[in-house]
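Peer 1: Take a look at this one; I'll ask things after.
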Amino acid sequence: MYRKEFYVFDHDRPVSAVIRNYKEADFPGLIHIQQESFPPPFPSELWWNKEQLHNHVTLFPEGALCIEVNGEIAGSMTGLLVDFDPEHPEHTWEEITDNGYIRNHNPNGNTLYVVDISVRPSYRKLGLGKWLLLSMYNVVIQKGLERLLGGGRMPGYHKKANEMTPEQYLEAVVKGELKDPVITFLLRCGRTPVKVVANYLEDEESCNYGVLMEWKNPFYTSISKQGE
């Protein structure tokens with residue numbers, strides 16, 4: 001199981017933090033994080049429920065991570081394993097995550113797929129989201145997977161939807177001409193765009209678009225050769 005103790009910084013002040021696997025006792029706190037992280041117009045029915053969280057810790061506990069700051073849960077990240085074919089990348093969030101229930105988790109999958117990442121707004125200045133992603137990269141390496149993959153929201157797109165296509169918006173963000181709260185964050189964390197997907201998730205701010213973004217395991221080739 002995963003546990004990492006370290007310090008994050010509130011300006012120049014070190015603050016104790018722990019990333020670990022979440023468990024049943026954490027469920028109320030995890031649901032509260034969802035409510036704070038994804039307020040309306042984000043659909044409340046997409047917040048975690050206890051059945052989904054139970055599946056996370058039962059079917060793939062390695063992909064169920066949370067972060068504590070001074071003993072208080074401040075964020076979480078959830079994943080499952082899928083067998084991803086880059087030649088056929090189209091999917092919706094609901095399809096690939098089983099609507100967040102991950103009953104389709106494939107222990108023999110080649111890709112760790114990000115179901116969700118969320119950090120309470122009052123803690124976002126501490127860089128916790130990046131630490132969660134880095135920790136999930138560790139899981140990818142430890143399990144010898146090809147990549148981490150997930151669909152990023154593009155919540156800034158609704159402001160530009162009348163001026164440009166989603167692909168043009170993504171290109172402008174990658175070039176640094178525009179800044180998107182989610183896509184720019186994922187770029188900072190080492191993720192690279194794969195494809196814009198229409199109707200990825202019911203999300204008014206993103207006009208229902210998502211951007212598939214991956215992080216390739218830099219050790220995957222050597223790991224594969226060792227197994228041959």
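The values are calculated or read from the model by the stated rules, or taken from the named source; none is laboratory data. The structure presented is a predicted model; accordingly, all values stated were derived computationally and were not measured. Reconstructed Cβ throughout: ideal geometry from the backbone, glycine too, with neighbour counts over all protein chains shown.
Peer 1: State which residue is farthest from Tyr2 (Cα to Cα) when the search covers only the range 121-172 and only residues that are among the polar types (S, T, N, Q) and in contact with a Lys or Arg (Cβ under 9 Å, 6 or more places away or on another chain). Give the steps one after another, and end with the answer.
Peer 2: The initial filter retains those residues of the range 121-172 that are among the polar types (S, T, N, Q), namely 122, 135, 138, 142, 162, 165, 168.
This time we only want the ones that are in contact with a Lys or Arg (Cβ under 9 Å, 6 or more places away or on another chain), so: 135, 138, 168.
Numbers: Ser135: 9, Asn138: 10, Gln168: 39 Å.
Among those that are among the polar types (S, T, N, Q) and in contact with a Lys or Arg (Cβ under 9 Å, 6 or more places away or on another chain), it is Gln168.
Peer 1: Which pairs have Cβ atoms under 6 Å, sit 6 or more apart or on different chains, and link a residue in the range 56-69 that is assigned to a loop (DSSP other than H, G, I, E, B) to one that is not aromatic (Phe, Trp, Tyr)?
Peer 2: These pairs meet every condition: Phe60/Leu80; Phe60/His105.
Peer 1: Restricting attention to the range 2-28, and to residues there that are small (Gly, Ala, Ser) and closer than 23 Å to Asn138 by Cβ, which single residue is farthest from the chain's Cα centre (by Cα)? Step through it out loud before you land on a result.
Peer 2: Taking the range 2-28 first, the residues small (Gly, Ala, Ser) are 16-17, 25.
When the remaining residues are screened for being closer than 23 Å to Asn138 by Cβ, the result is 16-17.
On the way: Ser16: 23, Ala17: 19 Å.
Per the criteria, the residue is Ser16.
Peer 1: When you look at Lys175, is it out of contact with any Ser or Thr (no Cβ under 9 Å at 6 or more places or on another chain), basic (Lys, Arg) and either touching a residue at least 12 places away in the same chain (Cβ under 8 Å) or over 22 Å from Leu148 (Cβ atoms) (or both), yes or no? Please lay out each step first, then the result.
Peer 2: On the way: out of contact with any Ser or Thr (no Cβ under 9 Å at 6 or more places or on another chain): yes; basic (Lys, Arg): yes; either touching a residue at least 12 places away in the same chain (Cβ under 8 Å) or over 22 Å from Leu148 (Cβ atoms) (or both): yes.
Yes, satisfied.
Peer 1: Confirm whether Thr192 is surrounded by fewer than 16 Cβ atoms within 10 Å (Cβ to Cβ), without any contact (Cβ under 8 Å) to a residue 12 or more places away in the chain and over 19 Å from Thr97 (Cα atoms).
Peer 2: Numbers: surrounded by fewer than 16 Cβ atoms within 10 Å (Cβ to Cβ): yes; without any contact (Cβ under 8 Å) to a residue 12 or more places away in the chain: no; over 19 Å from Thr97 (Cα atoms): yes.
Here the answer is no, as Thr192 does not meet what is asked.
Peer 1: Mind listing just one residue for me: the one in the range 21-47 that is without any contact (Cβ under 8 Å) to a residue 60 or more places away in the chain and not in a helix (DSSP H, G or I) and, of those, surrounded by the fewest Cβ atoms within 10 Å (Cβ to Cβ)?
Peer 2: That would be Pro40.
Peer 1: Filter the range 134-157 for residues that are without any contact (Cβ under 8 Å) to a residue 60 or more places away in the chain, buried (at least 21 other Cβ atoms within 10 Å of the Cβ) and of a type in the set (A, V, I, L, M) and give the result.
Peer 2: Within the range 134-157, Met154 is the sole residue that qualifies.
Peer 1: Could you list all residues from the range 195-206 that are surrounded by fewer than 18 Cβ atoms within 10 Å (Cβ to Cβ) and either in contact with an Asp or Glu (Cβ under 7 Å, 6 or more places away or on another chain) or not in a loop (DSSP other than H, G, I, E, B) (or both)?
Peer 2: Lys195
Peer 1: Out of all the residues in the range 159-184, which are surrounded by fewer than 19 Cβ atoms within 10 Å (Cβ to Cβ) and under 15 Å from the mean Cα position of the chain (by Cα)? Can you show your working first?
Peer 2: Quick first cut of the range 159-184, residues surrounded by fewer than 19 Cβ atoms within 10 Å (Cβ to Cβ) only: 159-165, 167-168, 171-172, 174-177, 179, 181, 184.
Within the range 159-184, Pro181, Thr184 qualify.
Peer 1: Which residues, counting only those in the range 163-180, are within 21 Å of Phe42 (Cα to Cα) and part of a loop (DSSP other than H, G, I, E, B)?
Peer 2: Lys179, Asp180
Peer 1: Separate question: Scan Thr78, Thr97, Thr111 and give me the residue that is hydroxyl-bearing (Ser, Thr, Tyr), buried (at least 17 other Cβ atoms within 10 Å of the Cβ) and within 24 Å of Cys207 (Cβ to Cβ).
Peer 2: Numbers: Thr78 fails: within 24 Å of Cys207 (Cβ to Cβ); Thr111 fails: within 24 Å of Cys207 (Cβ to Cβ).
Of Thr78, Thr97, Thr111, the one residue that is hydroxyl-bearing (Ser, Thr, Tyr), buried (at least 17 other Cβ atoms within 10 Å of the Cβ) and within 24 Å of Cys207 (Cβ to Cβ) is Thr97.
Peer 1: Still on this structure: Limited to the range 175-195, what total is found for residues that are touching a strand residue (DSSP E or B) at 6+ places or on another chain (Cβ under 9 Å) and more than 18 Å from Lys216 (Cα to Cα)?
Peer 2: Initially, the range 175-195 is screened for residues touching a strand residue (DSSP E or B) at 6+ places or on another chain (Cβ under 9 Å), giving 180-183, 185-187, 189-195.
After this cut, where a residue has to be more than 18 Å from Lys216 (Cα to Cα) as well, the list is 180-182.
Counting residues in the range 175-195 that are touching a strand residue (DSSP E or B) at 6+ places or on another chain (Cβ under 9 Å) and more than 18 Å from Lys216 (Cα to Cα) gives 3.
Peer 1: Filter the range 51-71 down to the residues that are at pLDDT 95 or above and more than 17 Å from His105 (Cα to Cα) and list them by number. First the steps, then the outcome.
Peer 2: Step one: filter the range 51-71 for residues at pLDDT 95 or above, giving 51-69.
Matches in the range 51-71: Cys66, Ile67, Glu68, Val69.
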